[in-house]
Each structure stands twice: as structure tokens, then as C-alpha cells.
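Quick notes on the structure that follows.
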Amino acid sequence: MENSKLHSIWQGCKKQDRKAQAELYELFSRKMFVICQRYAQTTLEAEDILQNGFVKIFTKHHLYDEKGSLEGWIKRIMVNTAIEHYRKNKTLTFETLEGTHENYTHSELSSTHVSYKDLLNLIRELPAGYRAVFNLYAIEGYSHKEIAEMLGISESGSKSQLSRARQLLQQKLTKEKML
């Protein structure tokens, strides 16, 4: 889509134009749903996160300063909405695995050929805390310091969660290889 068309749609959204909002939703809902699925345990939960994210986009449109890409801003809203969802529902559980993150700093996931869908399903099987940290670090690119602040945990706790998530994914991939 050309930038002028997207700009026009966004301007309509800022004026609470329902048609423009529907167009924006249609443009970005599939990509954003994939993001929501990475954080959600179920499809229904992902749909709730997506819906809440778009409500925020439409009601907090004034927060977008139009300096970066609109898609990047929308993506950030979705990730933050997913994290808020977990905080609100208190489904994130974290384990402290002090000293273990050094042993698993390099993932061996790249050596295994797994489809995106299969990997998404394996990530969904992770405990909620592991899944959140893994997504924020490995997929979204946040630092451990940023993750710790977002989730209200220590930096070492973030590293431990990532380490354990990688370890569990490695075990699951190894089991699948054997089958």
C-alpha cells in the first residue's frame, strides 16, 4: 500500500471515522494477530489481545507522533497490550534459575529445521513467563533490562527465564526429531 493511502486512512482514524478504522484493521489485523498468538495461550486469548490493542490504537491515536512507522507503533501497542493482559490476569509465573543463563546463551534452535507454525506451537506450550520473556527478547528484540522493567522482574530473572525457555524448546525439538 502506498504511503499516501495509509496516511489518509490514519487521518480518518484520528477523526474516529469507522470506515477508516475498519480499513486500518483490515490492513494490519493479520500481522498483529500473529504477534498476539505468540503471547497468548489460546486463539481466543489472542483475539482478545488483538481487539484490546486496536481499541487502544483508536482511542490513543494522539500518542503516535508520526516520526516512526505507523506499523511499528501499532506493533508496540500490541506487544504492550499482551504484557498488560498477563499482568492483569496474573498468569505470568517466573522461576529464578540463578546462574543457569550463562550455560544457555547460544541457542541451537537454528540447527533444526522446523516450520514457523510448528515453532509457534512449541512456543505456545511454554509456561507463560518463559513465553513472554522469549518473545520479548528473541523475537521483539528487547534487552533484558527493558524486559525486566516491563514485567516487573529482575534483569537476572529475565536472563534465567530466557535460558529456561530455550532449554525447554531445545528439549521439545529434540523429542520431535526422534519421532
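Before moving on, here are some points about what is shown:
- Search result, residues across the stretch 78-91 that are touching a helix residue (DSSP H, G or I) at 6+ places or on another chain (Cβ under 7 Å), open to solvent by 30 Å² or more (accessible area, probe 1.4 Å) and part of a helix (DSSP H, G or I): His85
- Matching residues, the stretch 52-75, being closer than 16 Å to Val34 by Cα and surrounded by fewer than 14 Cβ atoms within 10 Å (Cβ to Cβ): Glu71, Gly72
- Residue check, Lys145 farther than 22 Å from Leu119 by Cα, open to solvent by 30 Å² or more (accessible area, probe 1.4 Å), charged (D, E, K, R) and modelled with pLDDT of 90 or more: yes
- Within the stretch 128-142, the set of residues being part of a helix (DSSP H, G or I), open to solvent by 40 Å² or more (accessible area, probe 1.4 Å) and among the small types (Gly, Ala, Ser) comprises just one member, Ala138.
- Verdict on Glu23 being surrounded by 18 or more Cβ atoms within 10 Å (Cβ to Cβ), acidic (Asp, Glu) and over 22 Å from the mean Cα position of the chain (by Cα): yes
- Any pair with Cβ under 7 angstrom, 6 or more apart, that starts in the stretch 43-56 at a residue that is over 22 Å from Lys117 (Cβ atoms) and ends at one that is of a type in the set (Phe, Trp, Tyr): Phe54/Tyr25
- Residue match in the stretch 111-127 (condition: modelled with pLDDT under 85 and open to solvent by less than 40 Å² (accessible area, probe 1.4 Å)): yes
- Here is the figure for the stretch 39-51: residues that are touching a helix residue (DSSP H, G or I) at 6+ places or on another chain (Cβ under 8 Å) and either open to solvent by 20 Å² or more (accessible area, probe 1.4 Å) or at positive phi (or both) total 5.
- Selection of the stretch 128-147 for residues being touching a Ser or Thr at 6+ places or on another chain (Cβ under 6 Å) and either of a type in the set (Lys, Arg) or farther than 12 Å from Ile83 by Cβ (or both) yields only His144.
- In the stretch 8-41, the residues that are among the polar types (S, T, N, Q), outside any helix (DSSP H, G or I) and farther than 30 Å from Ile123 by Cβ: Gln16
The values are calculated or read from the model by the stated rules, or taken from the named source; none is laboratory data. Just so it is clear, the structure is predicted and the values come from calculations on it, not from any experiment. Here Cβ is always computed from backbone atoms with ideal geometry, including for glycine, and neighbour counts include all displayed protein chains. Surface accessibility is based on the protein's heavy atoms, side chains included, excluding ligands, DNA and RNA. Shrake-Rupley method; radii C 1.70, N 1.55, O 1.52, S 1.80 Å.
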